[in-house]
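The values are calculated or read from the model by the stated rules, or taken from the named source; none is laboratory data. Given the structure is predicted, the values throughout are model-derived calculations rather than measurements. So basically every Cβ, Gly included, is an ideal-geometry build from the backbone, and we count neighbours across all protein chains shown. Note: accessible area is taken over every heavy atom of the protein model, side chains too, but ligands, DNA and RNA are not part of it. Shrake-Rupley method; radii C 1.70, N 1.55, O 1.52, S 1.80 Å.
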Amino acid sequence: MNSEQQYIDIYNQCRGLICEYSSAMMNAQREAAFERFKATGFPSQKVERYKYTDIQKLMAPDYGLNLKRLTIPVDPYEAFRCDVPNLSTALFFVVNDAFHSGKSLPEGVVIGSLKNADAGMAEYYNQLAAKDNDALTDLNTMLAQDGLLVYVPRGVVVDKTIQVINILRSDVDLMVNRRVLIVAEEGAEVKLLFCDHTADDRRFLATQVIEVFAKENAKVDLYCMEETHAKNVRLSNVYIHQETNSRVRHNIITLHNGITRNKLDLMLAGEGAECELGGCVIADKQQHVDNNTLVTHQTPHCTSRELYKYVLDEQATGAFAGRVLVQPGAQKTTSQMTNQNLCATREARMFTQPMLEIYADDVKCAHGSTVGQLNDQALFYMRQRGIPEKEARTLLQVAFVREVVDQIELTPLRDRLHHLIDKRFRGELNKCAGCKLCR
């Protein structure tokens, strides 16, 4: 049986149940997504953007689905406490794909269940995702029953960072389809921190679709950290649309995982828009991390910067495929893409594919990629000064990824991540015993 057939059968058999426990806004998009999914099926590795991750194999196992929205026996506010020094956050939880209400925010700001969203959000929901014609996105659209809505009205500045803890919790192997919609109106500013965490030693398959709308002069910072376990499969598609003079920062940190694929499509649709993308991956054992980005410069005078760094140990596999597309008329574009990778063993594998596609003649665009090992001279220098070889290797690896973390503007979070990365290299985060940002 093809991997997609079980999902087609589930939808045909349970579409009434799926719709019953969701909302009219989400239900309105299901049938079209189902028809697209049924027509295309899961992509093979012959498809350019999926060549490094076997999606059909990952989707073949039979996972449970909580279609009746049974209550999960956990109170996240009792189980988790955030003690990151000096980082005052508005804390919220999503257990599997169900939103748990949290602290109050400035008037007009909405942080809540997507299922209960105002009808006005229908003009945003699935509008970016549907254009991609991506099978994983369509699967998420046809099965997702709830999610998270973040809405910041015009001119409102949210001083506190919005911290969302995504908890995977189940007594059986479970598939979760998580949906996120973020809308920052004209002149709005918001910072978001997402932390993915597994609470049980079960196999999890999590699909996630995030849509971000940054209107004129809006500023959105989106930080994502994954610290799950080796039985977790995470397939995330992020879509960002920027208007005139907007600023977006997206930074993803993978500290511990099983198999992870992150896809990011960002559109610079208004003049003067700027984006900064960062990624830090630390992987060992048989872990697999695949980051795939597409930044489209549609209008003149836009700027994009990308920096992704990987450190791979043992038999870990990493992949980075980044593409910058400068469309006709997008003059005065400035773009820089950098991917640097460190393989600590001969068995570790890194695949890298930076690409520029330019259809304008007045631009400044550059890209670069490196794959290497630790600097022998630096290692020798440190050992000469009495530093044990293991400690010297750890210090060099920490220094290698530091540049990505230093891009984070939240000082307490940046300092805390430096600490977690150091612990990760020392083998102290081998098993996720709770979100380390929130213990």
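Observations on the structure shown:
- Any chance GLU409 is modelled with pLDDT of 80 or more, among the charged types (D, E, K, R) and not in a helix (DSSP H, G or I): yes
- Comparison of LEU266, LEU294 shows that the only residue that is open to solvent by less than 10 Å² (accessible area, probe 1.4 Å) and in contact (Cβ under 8 Å) with a residue 24 or more places away in the chain is LEU266.
- Test: residue in the stretch 328-336 that is under 21 Å from GLY368 (Cβ atoms) and within 19 Å of the chain's Cα centre (by Cα): no
- Hey, VAL248 touching a Cys at 6+ places or on another chain (Cβ under 7 Å) and either more than 18 Å from THR137 (Cβ to Cβ) or surrounded by 24 or more Cβ atoms within 10 Å (Cβ to Cβ) (or both) or not: yes
- Selected residue (criterion: surrounded by the most Cβ atoms within 10 Å (Cβ to Cβ)) from residues of the stretch 311-337 that are in contact with a Gly (Cβ under 9 Å, 6 or more places away or on another chain) and at pLDDT 95 or above: PHE320
- Breaking point among (1) touching a residue at least 40 places away in the same chain (Cβ under 8 Å); (2) closer than 23 Å to ALA283 by Cβ; (3) under 20 Å from the mean Cα position of the chain (by Cα); (4) surrounded by 18 or more Cβ atoms within 10 Å (Cβ to Cβ), for LEU410: (2)
- Some residue of the stretch 196-203 being crowded, with 23+ Cβ neighbours inside 10 Å and at pLDDT 90 or above: yes
- Considering the stretch 15-132, there are no qualifying strands (runs of 3 or more DSSP E) wholly inside with 3 or more residues that are modelled with pLDDT of 90 or more and out of contact with any strand residue (DSSP E or B) (no Cβ under 9 Å at 6 or more places or on another chain).
- Residues of the stretch 353-383 that turn out to be within 12 Å of LEU396 (Cα to Cα) and open to solvent by less than 60 Å² (accessible area, probe 1.4 Å), as a count: 4
Yes/no per residue for (1) within 28 Å of GLU409 (Cβ to Cβ); (2) in contact with an Asp or Glu (Cβ under 9 Å, 6 or more places away or on another chain):
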position	(1), (2)
LEU193	yes, yes
HIS197	yes, yes
ASP201	no, no
ALA206	yes, yes
GLU211	yes, no
ALA214	yes, yes
LYS231	no, yes
ARG234	yes, yes
TYR239	yes, yes
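- Of GLY120, GLY112, GLY155, GLY108, all but one fail to be without any contact (Cβ under 8 Å) to a residue 12 or more places away in the chain and closer than 22 Å to LYS219 by Cα; the exception is GLY120.
- Failed criterion for CYS302 (all others in (1) under 19 Å from the mean Cα position of the chain (by Cα); (2) buried (at least 23 other Cβ atoms within 10 Å of the Cβ) hold): (1)
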